[in-house]
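To start, the structure under review is shown below, and the notes come after it.
The values are calculated or read from the model by the stated rules, or taken from the named source; none is laboratory data. Source: prediction; values computed, not measured. Please note: Cβ atoms are built from the backbone with ideal geometry, for glycine as well, and neighbour counts cover all protein chains shown. With ligands, DNA and RNA removed, areas are computed over all heavy atoms of the protein, side chains included. Shrake-Rupley method; radii C 1.70, N 1.55, O 1.52, S 1.80 Å.
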Amino acid sequence: MTIAAAFAFVLAFQQGANTTPPSGDTTGYWQQHVHYTITATLDEPRQVVHGVADLVYVNHSPDTLREMYVQQYLNAFRPGSRWSAVDAREGRLRFQDLKDPDYGYERFTAAPTFDGTPEAAQYPGAPDSTVARFTLPHPLAPGDSMRVHFAWDARPSTEFRRQGRAGRHYDFAQWYPKVAVYDRGGWESNPFVPAGELYGEFGTYDVTLVVPDDQVIGATGVPVAGDPGWAAALRWGVLRIPRDAYGSVPPAPAVNVPAGDKAVRFYARNVHHFAWSASPDYRYEGGIYVRQLPPEHFRTWDTLSINVLYQPGDDSTWGGGRAVERTIRAFQWLEKIWGPYAWPTFTNLHRLENGGTEFPMMIMDGSAELPLILHEGGHQFTYGILADNEWRSGWMDEGLTSYQTAWAQGETPQELAAAGPPMAPRLAQGYRAFATTMTRAEERGLNLVRLDMLGHSQPIGTPAYDFRDFGTYNAMIYSRGELMYSQLRDALGDSAFRAFFHDYYTRWALKHVDERAMEGSAERASGKPLGWFFDQWVHHVGLVDYALTRAVTSQTSDGHWVTAATIERRGDYVHPMPVGVRTASGWTIGRGDYSKDVQTVEITTAGKPLEVRIDPYHTTYDWDRRDDVVGASVFGLSGAEPVFDWPFVDQANRDHSLVALSPLAWYSDPGALAVGMRARANYLGMVDRYDMGLAVESGLRAVPSGPPPRAISRVQGWWRFENPYVSAWPAPLMGLSGGVALLDGVGRVDLSQRWDLSPYWTAPGPKITATVGATGAYVYDRGMLPANWDNRPLTELHGTFGVRLPAALLADSGYSAIDAAAGVGLSSTAYGRAELSARSANYWNDGANALNLRVYGAMSNDPPAQAALHLSARDGLSTFDDNWYRPRGSVLTRPGVNYLPLGGAGLRGYDPAITIRRIVAGNGELSQRLAENVFSHVSLWGSAFADAGFASSDTYALDGAFLADAGVGVSLRGRLYDRDLTVRLDAPLVVQQPALAGGGGLTRRGATVAARWTFSFGDLW
Ligand SMILES: [Zn+2]
């Protein structure tokens, strides 16, 4: 199959996965029906539930079924599962190594029967056993039903994830053979992995739990018989059990209740899952929420019983009615935006794990904070009642409940705009207070922009298991999903957006929903076609940026003002952009047409326009605010704000580029003191980064063995760029950098592209980077040339490739890495050079000890001195930008300074000037942290090192190929504000072939053992 054909097949397959008929409405919609009658006995000594279930499965589909799939979720929480494989791949250690009796499982204790015929379970994903397949003993025709009998044991794991157990506390999130959904896409059976979980058939759950007498139970459903233990555990509020909520229920199944146990029967209709939790320590608080409900096509209850179960120690966080009142507040909000809750009770309980998980009629939460109750409680509507397939469309449950949570708390762009500017932007303290930085809200708002720019985003409509990693899944499903709804609201307007919620809810309550159902409701509510919107936001990724290119204002004969604003689309995404005209009485907003790339929006105002701006309230995803006003320039620098370039601090502003200025000074022998100014510009810290410097040398004089410099060489300067945003491209060219420089008689031009090829960006997998580039360096004044720089032109193509692997699962800092670099060039003759290194860093004793090892091999063929391989130092091309090292006679190369730009083969005892033709070398260092965080996040380390190699050189007389050094050093390593910092002070006390040693000694040169020292910035590791 060709790639195009495969793609078409995938598209067709995904189309087929719709639950909504082509009508886009409920006409012709069908769903299966399940009726579970379960008896589950908690066997605490064995930490197991023994379950038996009768399932009546009704086939409402138009298809004859010949097989059935059943999910056994608990089998994920054990070694050998698909879940554990994903965890291992992404660097999480949870269930991979759990031993009996700690891991979880769900096992049939007898072959399930289908209309009385036993059938063996098949596990198509073996060794994963979260999906069981059964061949039906006879076909199940449309309209027919089948009775299935299951007997099984279920045990939660001691490692909590959604489910878990600790002591006598059990969280049974998943625990019974749950028949997979059969919808228009066929059987939706999925191996249970960290991404995606929830999809179930609606039906009736009649569950009798047999537990020790003192257990207190929270569960899906209404306790229609037996004592859940709430009365005895009551601490606050009222206890109301609506035992007759469903009127008459079928007779209870016969249950064998051992002495000391009790049977509690929970009953629920129109739910698609049953979860429960039990602990003898649970405290109970209850509330009643009574309201007048409008009639719906589904059954509703005017009185909603709220149950809260919390743990010892929760008195001041959950207790005293706190959780009950917050739960009722959440329901008041949720019913306002959606419609009436569809069930008679709701239970909010404190589970073992942090975070929260939703189940029908119940949430298991790790805290009683209002945002969490809003989120998980919101899932009663977007998951419980509007039941999407989370394996395929998590953006419909997680994204939507994230949006409604932000909405409830006034944190959507619309609510933030209505509230006006924040009272107090971030208050930076200390040294940082001098710098211009973005507010935390602005930083948060840029998280997704960054992911888009770096190419890390994936369409939110990607099936859960196809996301690159769990971190990407979360960022897309929750955050980008939330963003999508805020943009839908911006496109529809407030009243249509609210109408969309109500239409979607009323029409689809207690059904399976998909993208087509949601889009249909949004289109009905707004009266607009929205295929363009859902297609770009669900199935593509991209940025929004529109530019205001022209604004012409005129006054009409009746005294009104008309502003004609021309806007142009620059980003990938289209949007009906708001364009604002500000008058003395505030902003008047006009709207662009999403379908036009260039258009003029006319806005009429009574007052004289004072300002014209795209998206003045910042309610859209438009990331570049610099071009929201007329006059944006090609480098994005118009309107840029000049600031002082405070060392070690990143500065950025949300509305415009910053130009950070600092004075410059350096020294060279031919030019004497150079003084000037440096300007570094950026937008949002990452885009349109420019670095410009201009300096003038105070003197020009000939140096021994050189001609006098020419007057033109008095002027020194450079201009560099990184990640430019140019109009022809819909997004910044991330990773592209280059520049020109005229420094010390050398004109340099370069251009390179860097790629991050890492398979994961949130998980600790391999980090893979590659660059390709070209550099030209041409001598225009040999009277100024840096020392160790040949009077030869140089034009080089070069590339690098690096792979860095974390040392072990969960290791936060140890790694091994391989780096390769190669260049081919033309100087006076053709030349080549290649380097290969392998490194490892190993930490122990809580990171207080480190062992670093490196092997390095390199070879070169007739490069000019500036591109030559060095024994201990970086080459002249790579240190060219260092004004304190490059110039002849510079500050860092003066006698007695002993600066070493550590690099090359890393034999740090040797003179940095020594160049070599070929080398094979090894470096090792053992270090100990002497003091942690001596300032900022910088620690002091002591170390012992040794370097050795076999080398050949064309320019230096080596007395034999073997070279080696050893010594001790101290270093500062860590992070100073926004910069990584390494400063090394090394004493290479032993140097083989001491005539080649660097580092002026305190004792005579030429001795193998001598008191030499050097200092460096940066490191080999
Ligand atoms: Zn959620």
Report summary line: Mean projected area, convex hull of alpha-carbon positions in the range 621-770, reported to one decimal in nm², is 12.6 nm²
Requested in this report: For S129, list long-range residues whose amide hydrogen, built 1.01 Å from N in the peptide plane, is under 5 Å from its own amide hydrogen.
Outcome: R82
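Please sort 524-530, 317-323 by packing, taking for each peptide the average over its residues of neighbouring beta carbons within 10 angstrom, highest first. Before the final figure, lay out each step's value.
On the way: 524-530: 16.0, 317-323: 19.9.
Descending packing order for the listed peptides: 317-323, 524-530.
Probe radius 1.4 Å, ligands and nucleic acids ignored: give me the carbon and sulfur share of the accessible area of the chain as a rounded percent. Present the calculation step by step, with values, prior to reporting the outcome.
Values: 23030 of 40410 Å².
For the chain, the apolar C and S fraction of the accessible surface comes to 57 percent.
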Report summary line: Taking the square root of 5λ for each eigenvalue of the C-alpha gyration tensor of the range 617-667, the equivalent ellipsoid has semi-axes, largest first and in whole angstrom, of 28, 13, 7
Report task. May I ask you to compute the full-extension gain from F962 to I818, defined as 0.36 nm times their residue separation minus their alpha-carbon distance, rounded to one decimal in nm? Result -> 49.4 nm
Report task. Find, to one decimal place in angstroms, the Kirkwood hydrodynamic radius of the range 424-492, where the mean of 1/r is taken over every pair of different Cα atoms and then inverted. Result -> 14.1 Å
Requested in this report: Would you mind getting me the FRET efficiency between A166 and D494? Use the beta-carbon distance for r and R0 = 35 Å, nearest 0.05.
Outcome: 0.15
Report summary line: Percent of all Cα-Cα pairs per 10 Å bin for the range 879-1009, counting from 0 up to the last occupied bin, reads 12, 36, 37, 13, 2
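With a ≥ b ≥ c taken as the square roots of the eigenvalues of the C-alpha gyration tensor of the range 343-420, please select rounded if a/c is under 1.5 and otherwise prolate if a/b is larger than b/c or oblate if it is not?
Judged from the Cα gyration tensor, the range 343-420 comes out oblate (a/c at least 1.5, b/c at or above a/b).
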Query - Only Lys, Arg (+1) and Asp, Glu (-1) charged, at Cβ; the chain dipole about Cα centre in debye - result: 2180 debye
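Using a Förster radius of 56 Å, what is the FRET efficiency between I337 and A834 based on their Cβ-Cβ separation? Nearest 0.05, please.
Details: r = 63 Å, r/R0 = 1.13.
Calculated transfer efficiency: 0.35.
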Report summary line: Shape call for the range 885-933, from the Cα gyration tensor axes a ≥ b ≥ c (a/c under 1.5 means rounded, otherwise prolate when a/b beats b/c, else oblate), comes out oblate
Report summary line: The ratio Rg/Rh over the Cα atoms of the range 501-587, Rh being the Kirkwood inverse mean 1/r radius, stands at 1.15
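Quick one: length gained pulling W532 to W884 fully straight, 0.36 nm per residue minus the C-alpha distance?
Working: separation 352, 0.36 × 352 = 126.72 nm, distance 5.58 nm.
Here the answer is 121.1 nm.
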Report task. Scan around V179 for amide H atoms under 5 Å from its own, H built in the peptide plane at 1.01 Å from N, and keep only partners 5 or more places away or cross-chain. Result -> Q71
**Report entry** Kirkwood hydrodynamic radius of the range 303-357, Cα pairs, Å
**Finding:** 12.3 Å
Requested in this report: With a bin width of 10 angstrom, please list the P(r) values of the range 590-708 as percents of all Cα-Cα pairs, from the 0 bin to the one holding the largest distance.
Outcome: 11, 28, 23, 17, 11, 6, 4, 0
Query raised in the report: Can you pull the accessible area of D911 for me, 1.4 Å probe, Å² to the nearest 10?
Result: 50 Å²
Report summary line: For the range 643-685 (alpha-carbon point model, no solvent) the Debye-based log₁₀ I(q)/I(0) at q = 0.15, 0.23, 0.30 Å⁻¹ works out to -0.46, -0.75, -1.01
Report summary line: Using eta = 1.306 mPa s and T = 10 °C, Stokes-Einstein with Kirkwood Rh from Cα pairs puts D for the range 107-188, in µm² s⁻¹, at 107 µm²/s
**Report entry** Debye intensity ratio in log₁₀ form over the Cα atoms of the range 64-143, taken at each q of 0.26 Å⁻¹
**Finding:** -1.19
Report task. Please work out the C-alpha center-to-center distance from the range 769-786 to the range 117-149 and express it in whole Å. Result -> 70 Å
Query raised in the report: Which of the peptides 360-370, 469-479, 1007-1017, 888-898 is most tightly packed, and how do the rest follow, going by the mean number of other Cβ atoms within 10 Å of each residue?
Result: 360-370, 469-479, 1007-1017, 888-898
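May I have the convex hull volume per residue, in Å³, for the Cα set of the range 100-245?
184 Å³
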Query raised in the report: Is it possible to state the helix-based mean residue ellipticity at 222 nm for the chain, with each DSSP H run of 4+ residues giving -39500 (n - 2.57), the sum divided by total residues, to the nearest 500 deg cm²/dmol? What is it?
Result: -4000 deg cm²/dmol
Query raised in the report: Put +1 on the Cβ of every Lys and Arg and -1 on every Asp and Glu Cβ in the range 390-491; which of L400, Q487, L454 then has its Cα farthest towards the positive end of the dipole?
Result: L454
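Can you divide the C-alpha Rg of the range 359-478 by 2.2 N^0.38 Å and report the result to two decimal places?
Working: Rg = 17.2 Å, N = 120, 2.2 N^0.38 = 13.6 Å.
Relative to the rule-of-thumb radius for its length, the range 359-478 sits at 1.27.
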Report task. Return, ordered by residue number, the residues of the range 94-131 whose backbone nitrogen is under 12 Å from a label point located 7 Å along Cα→Cβ of T158. Result -> 98-104
Query raised in the report: Over what distance in Å are the Cα centres of the range 478-519 and the range 886-913 separated?
Result: 64 Å
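Can you compute the FRET efficiency between R550 and F648 using 1/(1 + (r/R0)^6), with r the Cβ-Cβ distance and R0 = 41 Å? Round to the nearest 0.05.
Numbers: r = 42 Å, r/R0 = 1.02.
Here the calculated transfer efficiency is 0.45.
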Query raised in the report: Where does the range 398-549 land on the Kirkwood hydrodynamic radius, alpha-carbon pairs, in angstrom?
Result: 17.3 Å
**Report entry** Label-to-label distance, nm, for residues given as V772 and Y465 (7 Å Cα→Cβ offset)
**Finding:** 3.6 nm
Report summary line: Semi-axes (Å, rounded, descending) of the ellipsoid equivalent to the chain per its C-alpha gyration tensor are 63, 38, 26
Requested in this report: Name the aspartates and glutamates eligible as straight-distance cross-link partners of K608: C-alpha to C-alpha under 17 Å, and not fewer than 8 places from it in the same chain.
Outcome: D558
Report summary line: Here, W844 and V675, labelled 7 Å along Cα→Cβ, have an inter-label distance in nm of 5.6 nm
Requested in this report: Would you be so kind as to identify which of L610, V290, N883 lies farthest towards the positive end of the dipole of the chain, taking Lys and Arg as +1 and Asp and Glu as -1 on Cβ and the Cα centre as origin?
Outcome: N883
**Report entry** Length released on extending from H60 to L694, taking residue separation times 0.36 nm less the Cα-Cα span
**Finding:** 220.5 nm
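Quote the Stokes-Einstein diffusion coefficient, in whole µm² s⁻¹, for the range 242-290, based on the Kirkwood radius over alpha carbon pairs, a temperature of 25 °C and a viscosity of 0.890 mPa s.
Values: Rh = 14.4 Å.
In µm²/s, the coefficient rounds to 170.
According to the square roots a ≥ b ≥ c of the eigenvalues of the Cα gyration tensor, what is the shape class of the range 213-253, taking rounded for a/c under 1.5, prolate for a/b larger than b/c otherwise, and oblate for the remainder? Spell out each step's value before the answer.
On the way: a/c = 2.67, a/b = 1.57, b/c = 1.69.
Oblate shape, in that a/c is at least 1.5 and b/c is the bigger or equal ratio.
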**Report entry** the range 209-248 residues near the modelled D315 label - backbone nitrogen below 14 Å, point 7 Å along Cα→Cβ
**Finding:** 235-236
Requested in this report: Could you sort 130-140, 116-126 so that the peptide with the highest average Cβ count within 10 Å comes first and the rest follow in order?
Outcome: 130-140, 116-126
Requested in this report: Take the Cα atoms of the range 217-365, find their three principal axes, and give me the spread along each one in whole Å, biggest first.
Outcome: 47, 41, 26
Report summary line: Computed on Cα atoms only, the convex hull of the range 459-511 has an orientation-averaged projected area in nm² of 4.5 nm²
Report summary line: Over the chain, with neighbouring protein chains present, the accessible area per residue in Å² at probe 1.4 Å is 40 Å²
Query - Inter-label distance, nm, simple model (7 Å from Cα along the C-beta direction), E369/A88 - result: 3.4 nm
Query raised in the report: To the nearest Å, what is the center-to-center distance of the range 797-872 and the range 661-711, using C-alpha atoms only?
Result: 30 Å
Query raised in the report: Going down the list K528/K596; K99/K767; K99/K178, which pairs span over 23 Å between their C-alpha atoms?
Result: K99/K767; K99/K178
